[in-house]
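Since the structure comes first, as structure tokens, the remarks are kept for the end.
The values are calculated or read from the model by the stated rules, or taken from the named source; none is laboratory data. Model, not experiment: these values are computed from the prediction. We place every Cβ from the backbone using ideal geometry, glycine too, and count neighbours over all the protein chains shown. Remember, those area values only see protein heavy atoms, side chains included, never the ligands or the DNA or RNA. Shrake-Rupley method; radii C 1.70, N 1.55, O 1.52, S 1.80 Å.
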Amino acid sequence: MNYERLFEQAVANVRRENRYRVFADLERIAGKFPYARNHGPGPDQVVVWCSNDYLGQGQNTVVINGAVDALRRMGAGSGGTRNISGTHHLLVELERELADLHGKQASLVFTSGYVSNSATLSTVAKLVKDCVIFSDELNHASMIDGIRQSGAEKRIFRHNDTADLEALLKAQPLDRPKLIAFESVYSMDGDISPIAEICDLADRYGAMTYLDEVHAVGLYGPRGGGVSEREGLADRLTVIEGTLAKAFGCLGGYITGSNAMIDAVRSHASGFIFTTSLPPAVAGGALASVRYLKQHDELRQRHRERSSRLKTLLRDAGLPVMPSETHIVPLLVGCPSRARQMTDLLMRQHGIYVQPINYPTVPRGTERLRITPSPFHDDGLMAAFVAAITDVWSRVAGEQPQAA
């Protein structure tokens, strides 16, 4: 058996579909967000337009100082899993802040948002005998993975379609345990789920609710508690899951909920029990970031204004901005080869970094450029971006797709 040939063929298949990805070799510059040093083709310094560090918190001196202070006081590593090495106190403080952020009794921090989703969904469904999971068809891969690992029966409902969800719920016995899993902000299209309507259905049919707020925490609500805080619905949700790696600018995932639910996951989830905990520097930076964003709603307001401004500029330039009610600004390309050509030209000739989004992240034929302006993308950067993307679009849009 030629194993190497199998691996080579797997990569060749991706190349043939024009989906092969080459990572940009960038070096973020502390204090100069959204600029980064470029170690690949193109100018030595580029402007990043697709970071999930939505508010530039990874560059905030308050966050950096929180990380550096923790590193100096406690050292580089956490020492292992929390079961074996204990919980360093910064994690205790961080979990208190996160529970408070969402108005919940408790929270639990994981090493990433992916792990928090997969570990929690798989564990909760296993603990609740005969549970059936209702999952939005556009849920993140980490949620799908957790549902699959649970071994529970599942039903997929059409994206944000509460009528379809109700039909599926109604088909189950009223007394059968149920869990509805969905997101608040869907990060590829920038739309928002009907949280209140889903909670109404959960009440009517006796279901638990699991809300992924990964692309909303820090960004929405008066203190950054997400869309559920903005709409006054946090108390109606069984589990609110979030990340420390996007708006908070650090690393890690978490869940919040009742004391009993959090303790059950803590005691049974392999993805928590057998994983080394976040190191002090990361926890210290995240703690500083959560506390900071609770007090600085003006940063969220500026972020919303910048996103709205860019959408207007792009539409005025005649570019195909996809419908989005959030901070996500997607430009529809519809071809992986053209998307790659555009982003290569932007990088090499204009010093602008945008990553193309292709299948399997989005369906074939909906390939796009996903742009995420921050509070620090000023009018000058926006004008330069619109001029650059207009130039590139006019040069590539009429060309036939070429193999990567």
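Some observations on this one:
- Greater than 28 Å apart at Cα, pairs in Lys126/Lys294; Lys104/Lys126; Lys104/Lys311; Lys178/Lys311; Lys129/Lys294: Lys126/Lys294; Lys104/Lys311; Lys178/Lys311; Lys129/Lys294
- With the convex hull of its Cα atoms as the shape, the chain has an orientation-averaged projected area of 21.5 nm².
- Of Leu345, Met382, Thr361, farthest towards positive along the dipole that unit charges on Lys, Arg, Asp, Glu beta carbons give region 287-392: Thr361
- Near Asp25: Cβ cut-off under 15 Å, other residues only, Lys/Arg at +1 and Asp/Glu at -1. The net charge is +1.
- Spin-label pair Tyr20/Glu4, simplified geometry with 7 Å Cα→Cβ offset, distance in nm: 1.7 nm
- Semi-axes of the equivalent ellipsoid of region 320-377 are 18, 17, 8 Å, computed as sqrt(5λ) over the eigenvalues of the C-alpha gyration tensor in descending order.
- Degrees separating the helix 141-150 axis from the principal Cα axis of the chain, which is the longest one: 30 degrees
- Around the amide H of Gly218, modelled in the peptide plane, lie the amide H atoms of Gly225, Gly226, all under 5 Å away and 5 or more residues distant in sequence or on another chain.
- The chain, relative contact order in percent, only Cα pairs under 8 angstrom and at least six apart counted: 22 percent
- Label-to-label distance for Thr361 and Ser258 is 3.8 nm, based on points extended 7 Å past Cα in the beta-carbon direction.
- Cβ-based charge dipole, the chain, positive-most Cα from Met322, Ser112, Val132: Ser112
- The 3J(HN,Hα) values that the Karplus relation (6.51, -1.76, 1.60; θ = phi - 60°) gives for region 376-386 are, in residue order, 9, 8, 7, 4, x, 5, 5, 4, 5, 5, 4 Hz. Gly and Pro appear as x.
- The Asp316 and Gln349 beta-carbon pair, evaluated with R₀ = 35 Å, returns a calculated FRET efficiency of approximately 0.95.
- The phi-based Karplus calculation (6.51 cos²θ - 1.76 cosθ + 1.60; θ = phi - 60°) puts the 3J(HN,Hα) values of region 246-256 at 10, 4, 7, x, 10, 7, x, x, 7, 10, 10 Hz, whole numbers, x for Gly and Pro.
- Over all other residues within a Cβ to Cβ distance under 10 Å of Glu325, the charged ones net out to -2, with Lys and Arg as +1 and Asp and Glu as -1.
- Share antiparallel - DSSP beta bridges, the chain, percent rounded to 5: 55 percent
- Taken about its Cα centre, region 183-336 carries a charge dipole of roughly 580 debye when the Cβ of each Lys and Arg holds +1 and the Cβ of each Asp and Glu holds -1.
- Largest GNM mean-square fluctuation among Ile156, Ile195, Ile255, using the chain with Cα springs under 10 Å: Ile156.
- 0 to 90° range, to nearest 10: angle between helix 3-16 axis and the chain longest Cα axis: 60 degrees
- Between region 150-191 and region 1-25, the C-alpha centres lie 35 angstrom from each other.
- Summed side-chain charge close to Tyr254 - residues other than Tyr254 whose Cβ falls under 14 Å, Lys, Arg +1, Asp, Glu -1: -2
- Gain in span if fully extended, Glu298 to Ala387, counting 0.36 nm per residue against the direct Cα distance: 29.2 nm
- Interchain or long-range residues, amide H under 5 Å from Arg155's placed H: Ile133, Phe134, Ser135
- Computed about the Cα centre, the dipole magnitude for the chain is approximately 660 debye when only Lys and Arg (+1) and Asp and Glu (-1) carry charge, each at its Cβ.
- On a per residue basis, region 65-168 carries 46 Å² of accessible surface, using protein heavy atoms and a 1.4 Å probe.
- Remark: region 269-275, residue by residue, has Karplus-estimated 3J(HN,Hα) of 7, 4, x, 9, 4, 9, 10 Hz, where x stands for each Gly or Pro and the curve is 6.51 cos²θ - 1.76 cosθ + 1.60 at θ = phi - 60°.
- Assigned charges on the beta-carbon of Lys, Arg, Asp, Glu; region 1-73 dipole about Cα centre (debye): 60 debye
- Computed helical MRE - 222 nm, the chain, DSSP H runs ≥ 4 contributing -39500 (n - 2.57), nearest 500: -13500 deg cm²/dmol
- Take every pair of alpha-carbon atoms less than 8 Å apart whose residues are at least six positions apart; their mean separation over the length of region 261-352 yields a relative contact order of 13 percent.
- Set of region 45-77 residues, backbone N closer than 13 Å to the point 7 Å along the Cα-Cβ line of Thr276: 76-77
- Amide H contacts for Ala247 (H built 1.01 Å from N in the peptide plane; partners 5 or more residues away or on another chain; cut-off under 5 Å): Tyr54.
- Cα-based helix-to-principal-axis angle, 113-127 vs the chain, degrees rounded to 10: 30 degrees
- Multiplying the residue separation of Arg309 and His159 by 0.36 nm and removing their Cα-Cα distance gives an extension gain of 51.2 nm.
- Ordering Gly42, Ala141, Gly190 by Cα displacement along the dipole of the chain toward the positive end leaves Gly42 in first place; charges were set at the Cβ atoms of Lys, Arg (+1) and Asp, Glu (-1).
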